[in-house]
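Read the figures in this text as sums done on the coordinates, not as results from a lab. As the structure is a prediction and not an experimental result, all values here were calculated from the model. Quick reminder, even Gly has a Cβ in these numbers, built from the backbone with ideal geometry, and neighbours come from all protein chains shown.
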Amino acid sequence: MASVTKPRQLLLGNEAMAWGAVDAGVRVVTGYPGTPSTEALEYLAKIAPEDVAVQWATNEKVALDEAIGAALSGARSLVTMKHVGLNVAMDAWMTSPLVGVNAGLVVLVADDPGMHSSQNEQDSRYLGRFAGVLVFEPSDSQECYQFVHSAFEASEKWDSPVMIRTTTRISHSSSPVSLGEAEIGTAKGFQRNPGKYVMLPVYARAGRLRHLERLPKMVEWVESHPFNQEEMRSTEIGVIATGTAYQYVRDVIPEASVLKLGITNPLPENMIRNFASKVNRLIVVEESEPYLEDTIKSLGIIVEGKTFFPRAGELSSQSVRIGLQKAGVLRNPLEEAKYTWPGPVLRPPLLCPGCPHVTPFLVLREIGAYVNGDIGCYTLGASEPLMAMDTCLAMGSSIGMAVGMAKAGVRDKAIVATIGDSTFLHGGIPGLIDAVWNNADISVIILDNGTTAMTGGQPHPGTAHNVRAASVPRIDIAEVCRAVGVEPVVVDPYDVGATHRTILAATKKRGVSVVITNRPCVQAPEKIFGRTYEVELQRCDGCQLCMNIGCPALGWDLSFNDLRRARIDSDQCSGCTVCAQLCPQSAIVPIIQD
Ligand SMILES: Cc1ncc(C[n+]2csc(CCOP(=O)(O)OP(=O)(O)O)c2C)c(N)n1
């Protein structure tokens, strides 16, 4: 053990967890990007020693498989993902506690209540309990650091993965962190143990029994664990809270006694009973589902909760205050409610100026296809003004849904799936194989912008570099399509006419056709064609055709009284030329630099 002390720092929850892993001597870190978990792995790539493997995986299932393989090889391992990622990894997740570990395995799952950037709201604690693993829930960055560090030890103690469950406010808020001593991690190596590591039914049955035997012992262990803490104040009201809800409760009703649970699976039943017996009224304040409330009720304890607090969306000091007022716990409600925070001005998400995803959706709307979308920046093809998407479900679902539509006999319009490059490699390939195998009449448009743009531009197997900016082999998406049996047509999405012709021709074909758009994400630093554009006001007749693109650089010039002319904000214009190509008056022209 080497001891290195670091100064107190202000860290995001995700950054603090990264330090927790580094200081616990983590050897292998894998994950798949997803808000609000992404920064944990990205930050680890910056701070972890070079000999620690830090890598993005193709998807969350692969990431978890890799971490389990590493943990069985005696290396402390961390996996990061967002809540829906755990659904993708579910198969391995449910069997991982039966296999156990040979060095600590920590699974960071970040939930997104309020769906800031997600297709649904899920409470991952249920999936922790479903698998029968310890679930740690930090309530600030200091705890993020400590809990991850301790989770590795707990994982080794219980021979089981440990889940760290955070929510957006914990992962994305900064608070001061005192970092402790760093352990130097080593990998013990792999020792054959088929009876434990091979899940043949004959061995899995024994694994299941081992798993069931340890569950009651884990309950005993959490009863006295310091992460669960009773804070006795007034006996009038006792609140049970975890994570971010704990902070709101302390803020809104500082006089209440609080049982703060840092471990939410299994629950410390005696501790809860004991706390309940000391207060006149017991209320659970928790974000998302009534997970604690229902479990506590099932222990025969009288408790209230979701009658007063919302189940959908994030909690806030305001909603906790209102809930406690409804419960009659906070007196003088008028006084309490005096200050209401107006909240930020809503700004709907938009595709960036010059985004290469725009033209395919313009074309699809124009030709009137049924469009099965997928998850990524291009999901905004569903919003105004493009309005060119009919379904969107989960990562990688677009191609399967298109096949389903075709097999259901939909014939009145062409059936299309649109999918990003990262999403195609994550979960789209099996759908394409299926489409070819089942001879579905669909067109797949792979929107290849060379990055995972939606989550901030992470590399993926189709980029030639990894998270540590090292050169790595690149998986060629066109070759993947060829291997599956489809010859893709590659098109430049900044060429409106060519994109139109190519997509139209693809939709006229029988069987599976694939079109790949090939322009990099516009967040790449340079201007696309090196020039920005302006509107010649004399020529613009205000037809609004350019407004159909939904480009944030395009607005109205109000200097003409008779008619509104288009105007381009040259600071935002990326020079993609799409609006210029569409303008019937040829009024959009490059700015001539003197
Ligand atoms: C199962 C799952 N994992 C991760 C995410 C987070 N996420 C949303 S879209 C996306 C990928 C976007 O990349 P790409 O498909 O290349 O499209 P782009 O945003 O670059 O247009 C990711 C990782 C998610 N929503 N669901």
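Structure summary
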item	result
Residue-count net charge about Pro290 - beta-carbon cut-off 13 Å; Lys, Arg +1, Asp, Glu -1	-3
Simple label model, 7 Å out from Cα along Cβ direction - Asp91 to Met232, nm	5.2 nm
Fewest-first ranking of Cys573, Cys521, using other Cβ atoms within 10 Å as the exposure measure	Cys521, Cys573
Degrees, to the nearest 10: 201-223 long Cα axis against longest axis of the chain	60 degrees
0 to 90° range, to nearest 10: angle between helix 358-367 axis and the chain longest Cα axis	70 degrees
Gain on full stretching of the segment that runs from Ser178 to Ser317 - 0.36 nm per residue minus C-alpha separation	47.4 nm
Extended-chain gain in nm, criterion 0.36 nm per residue less alpha-carbon gap, Ala206 and Arg531	110.2 nm
Net charge, Thr463 excluded, C-beta distance under 9 Å - Lys, Arg +1, Asp, Glu -1	0
Pairwise centroid distance, computed over Cα atoms, of region 368-412 with region 269-311, Å	42 Å
Lys/Arg +1, Asp/Glu -1 at C-beta; region 228-336 dipole; positive extreme among Val258, Asn274, Tyr246	Asn274
Only Lys, Arg (+1) and Asp, Glu (-1) charged, at Cβ; region 515-594 dipole about Cα centre in debye	220 debye
Dipole of the chain, positive end: most advanced residue of Gly25, Val106, Gly13 [Cβ charges, Cα centre]	Val106
Cβ-derived FRET efficiency at R0 30 Å, Arg347 paired with Glu487, nearest 0.05	0.10
R0 of 60 Å, Cβ-Cβ distance Asp412-Ile302: FRET efficiency to nearest 0.05	0.55
Inter-label distance, nm, simple model (7 Å from Cα along the C-beta direction), Phe130/Glu479	3.7 nm
GluC sites (Glu not before Pro) restricted to region 492-594 and DSSP loop, no more than 12 other C-beta within 10 Å	Glu526
Within the chain: Cβ-based charge dipole about Cα centre, in debye rounded to nearest 20 (Lys, Arg +1; Asp, Glu -1)	980 debye
Region 122-194 versus region 498-545: alpha-carbon centroid distance in Å	46 Å
Histogram of C-alpha separations across the chain, 10 Å bin width, %	3, 15, 22, 22, 19, 12, 5, 1, 0
Degrees, to the nearest 10: 38-47 long Cα axis against longest axis of the chain	80 degrees
FRET efficiency estimate (nearest 0.05) - Cβ-Cβ, Glu153 to Ser277, R0 22 angstrom	0.10
